[in-house]
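Here the structure is laid out as structure tokens; the discussion comes afterwards.
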Amino acid sequence: MEIESYLKEKKRLIDSFMEDHFSNLKIHPARLKSAMVYSLMAGGKRIRPILCLASYEACGGGRLDDIVHYASALEFIHTYSLIHDDLPSMDNDDLRRGKPTNHKVFGEAMAILAGDALLTEAFYLLSSNLKSGANIAPKSICKIISEVAFASGACGMVGGQAEDILSEDLTPDPKTLSFIHSKKTGVLLTVSVRMGGIIANCQQGELNSLTEYGRNIGLGFQVIDDILNVEGDSKKLGKPVGSDKRKKKMTYPSLYGLKKSREKAEEVLCGAIEALKSFDKKADPLRKIALYLLNRNN
Ligand code: GRG
């Protein structure tokens with residue numbers, strides 16, 4: 001299957017689960033629910049849940065429908081991080097996924113609460129056996145909850161975001177840049193890949209290879225994101241380009257230039273494919289996702 005069709009099919013599965021989930025959820029006040037659904041369903045590539053589904057398949061997992069709620073939890077956490085990242089007290093952005101940012105539509109207080117509620121709802125999804133057919137070992141469920149919590153919190157994404165904010169205006173240096181990239185973006189992508197392996201009950205050797213793949217994907221994804229912020233098309237990206245430079249953010253192009261940044265992205269995304277050498281063709285979607293991320297324009 002072509003990677004574009006694969007991504008489209010998996011995105012449909014994830015979107016349909018998320019729509020159903022919210023249509024069954026009674027949230028009062030309705031404005032909070034609207035704010036949550038607004039950002040969650042505003043588009044987005046769904047790359048984190050898709051990576052989880054693809055690594056589950058690579059490890060011989062069963063029906064994707066049985067585990068789609070675990071995968072979707074990653075999108076809830078990612079969306080919360082985008083809502084909070086766009087707030088006036090953080091990046092103060094007006095446009096996200098081609099639409100006005102959450103606080104522009106619902107106000108700052110509701111945007112903060114929508115983010116909080118999405119983060120909390122993610123852990124409800126991870127800890128609730130919503131699709132009992134999957135028969136996932138309780139030990140694996142505890143492991144994914146613990147890993148996702150660690151990756152999202154102070155030692156992961158929140159820590160990376162804090163360093164990113166504290167480093168604005170500072171002279172770029174490789175150590176700080178690497179810390180920000182790995183924590184802010186890398187760890188959630190890595191845990192997305194590991195999650196699929198853990199729920200498929202994979203062997204430790206396979207999990208090590210998936211982790212190596214995830215680390216490379218995480219870095220490659222962020223380097224490409226930095227490049228797109230310089231030379232991307234704002235219509236395709238759904239947000240303005242050039243914002244990193246305006247905000248004096250530490251990025252790959254600001255430290256190494258565009259040419260070296262692209263070479264780095266190629267090197268690490270090829271490294272991601274290399275990490276899967278012991279896997280059979282069931283891991284082809286993961287391999288193709290690495291190439292897709294290298295050539296993405298949004
Ligand atoms: C506020 C705790 C907290 C964390 C924010 C994720 C993040 C940390 C900030 C977002 C800012 C940013 C542009 C980060 C670079 C990488 C990234 C996460 C890009 C957006 O992810 P995509 O490309 O977006 O997967 P879509 O819209 O496709 O889901």
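No value in this document is a laboratory result; all are computed from the given coordinates. Being a predicted model, the structure only gives us computed values, none of them experimental. Virtual Cβ from ideal backbone geometry, glycine too; neighbours counted across all protein chains shown.
Can you spot a residue in region 106-125 that is within 15 Å of the ligand (Cβ to nearest atom), under 29 Å from Ile273 (Cβ atoms) and among the polar types (S, T, N, Q)?
Checked against the condition, which is being within 15 Å of the ligand (Cβ to nearest atom), under 29 Å from Ile273 (Cβ atoms) and among the polar types (S, T, N, Q), region 106-125 yields no hits at all.
Looking at (1) assigned to a loop (DSSP other than H, G, I, E, B); (2) of a type outside the set (Gly, Ala, Ser); (3) surrounded by fewer than 16 Cβ atoms within 10 Å (Cβ to Cβ), which is the only condition Lys260 fails?
Unmet for Lys260, out of (1) assigned to a loop (DSSP other than H, G, I, E, B); (2) of a type outside the set (Gly, Ala, Ser); (3) surrounded by fewer than 16 Cβ atoms within 10 Å (Cβ to Cβ): (1).
From Ile180, Ile165, which residue is in contact with an Asp or Glu (Cβ under 6 Å, 6 or more places away or on another chain) and over 25 Å from Leu286 (Cβ atoms)?
Matching residue, one of Ile180, Ile165: Ile180.
Consider Glu231 against the criteria (1) touching a Cys at 6+ places or on another chain (Cβ under 8 Å); (2) more than 29 Å from Gly61 (Cβ to Cβ): it satisfies all of them except one. Which criterion is unmet?
Among (1) touching a Cys at 6+ places or on another chain (Cβ under 8 Å); (2) more than 29 Å from Gly61 (Cβ to Cβ), the lone unmet condition for Glu231 is (1).
Identify the residue in region 194-217 that is assigned to a helix (DSSP H, G or I) and touching a Cys at 6+ places or on another chain (Cβ under 7 Å) and, among all such residues, is nearest to Leu82 (Cα to Cα).
Within region 194-217, the subset assigned to a helix (DSSP H, G or I) is 194-199, 204-217.
Cutting the leftovers down to touching a Cys at 6+ places or on another chain (Cβ under 7 Å) gives us 195-197, 206.
Working: Met195: 21, Gly196: 23, Gly197: 26, Glu206: 31 Å.
Top of the filtered list is Met195.
Without any contact (Cβ under 8 Å) to a residue 40 or more places away in the chain and not in a helix (DSSP H, G or I), is that true of Val230?
Details: without any contact (Cβ under 8 Å) to a residue 40 or more places away in the chain: yes; not in a helix (DSSP H, G or I): no.
So Val230 does not fit the description; no.
Can you tell me which residue is farthest from Ala275 (Cα to Cα) among those in region 200-251 that are more than 15 Å from the ligand (Cβ to nearest atom), surrounded by fewer than 19 Cβ atoms within 10 Å (Cβ to Cβ) and among the acidic types (Asp, Glu)?
If we take residues in region 200-251 being more than 15 Å from the ligand (Cβ to nearest atom), surrounded by fewer than 19 Cβ atoms within 10 Å (Cβ to Cβ) and among the acidic types (Asp, Glu), then Glu231 is farthest from Ala275 (Cα to Cα).
Return a yes/no flag: does region 60-67 have any residue that is buried (at least 21 other Cβ atoms within 10 Å of the Cβ), among the small types (Gly, Ala, Ser) and over 14 Å from the mean Cα position of the chain (by Cα). Lay out the reasoning, then the answer.
Our first condition is that a residue be buried (at least 21 other Cβ atoms within 10 Å of the Cβ); within region 60-67, this holds for 61, 67.
Retained after the next criterion (residues that are among the small types (Gly, Ala, Ser)): 61.
From the residues that got through so far, the ones that are over 14 Å from the mean Cα position of the chain (by Cα) too are 61.
Within region 60-67, one or more residues are buried (at least 21 other Cβ atoms within 10 Å of the Cβ), among the small types (Gly, Ala, Ser) and over 14 Å from the mean Cα position of the chain (by Cα).
Scanning for something closer than 22 Å to Ile47 by Cα, surrounded by 20 or more Cβ atoms within 10 Å (Cβ to Cβ) and of a type in the set (Phe, Trp, Tyr), does region 115-135 turn up at least one residue?
no
With the structure loaded, tell me whether Ala109 is in contact with a helix residue (DSSP H, G or I) (Cβ under 7 Å, 6 or more places away or on another chain) and either small (Gly, Ala, Ser) or surrounded by fewer than 16 Cβ atoms within 10 Å (Cβ to Cβ) (or both) or whether it fails that test.
No.
Can you pull out the helices (runs of 4 or more DSSP H) entirely within region 1-99 that have at least 1 residues that are free of Cβ contacts under 8 Å to residues at least 60 places away in the same chain? Walk me through it before giving the result.
Numbers: elements: 3-23, 30-40, 47-58, 68-85.
Where helices (runs of 4 or more DSSP H) fall fully within region 1-99 and carry at least 1 residues being free of Cβ contacts under 8 Å to residues at least 60 places away in the same chain, they are 3-23, 30-40, 68-85.
May I ask you to list the residues in region 145-157 that are part of a helix (DSSP H, G or I) and either of a type in the set (Ser, Thr, Tyr) or under 13 Å from Leu188 (Cβ atoms) (or both)?
Once the filter is applied, which keeps residues that are part of a helix (DSSP H, G or I) and either of a type in the set (Ser, Thr, Tyr) or under 13 Å from Leu188 (Cβ atoms) (or both), region 145-157 yields Ser146, Glu147, Val148, Ala149, Phe150, Ala151, Ser152, Met157.
Which of the residues that make up region 159-180 are within 13 Å of the ligand (Cβ to nearest atom) and free of Cβ contacts under 8 Å to residues at least 60 places away in the same chain?
Within region 159-180, Gly159, Gly160, Ala162, Glu163 qualify.
Just one of Gly197, Gly186, Gly156 is buried (at least 22 other Cβ atoms within 10 Å of the Cβ), on the phi < 0 side of the Ramachandran plot, touching a residue at least 40 places away in the same chain (Cβ under 8 Å) and not aliphatic (A, V, I, L, M); which is it? Break it down stepwise before answering.
Working: Gly186 fails: touching a residue at least 40 places away in the same chain (Cβ under 8 Å); Gly156 fails: touching a residue at least 40 places away in the same chain (Cβ under 8 Å).
Within the list Gly197, Gly186, Gly156, the selection yields Gly197.
I'd like the full set of residues that are more than 22 Å from Pro285 (Cβ to Cβ) and charged (D, E, K, R), limited to region 187-243.
Asp226, Glu231, Asp233, Lys235, Lys236, Lys239
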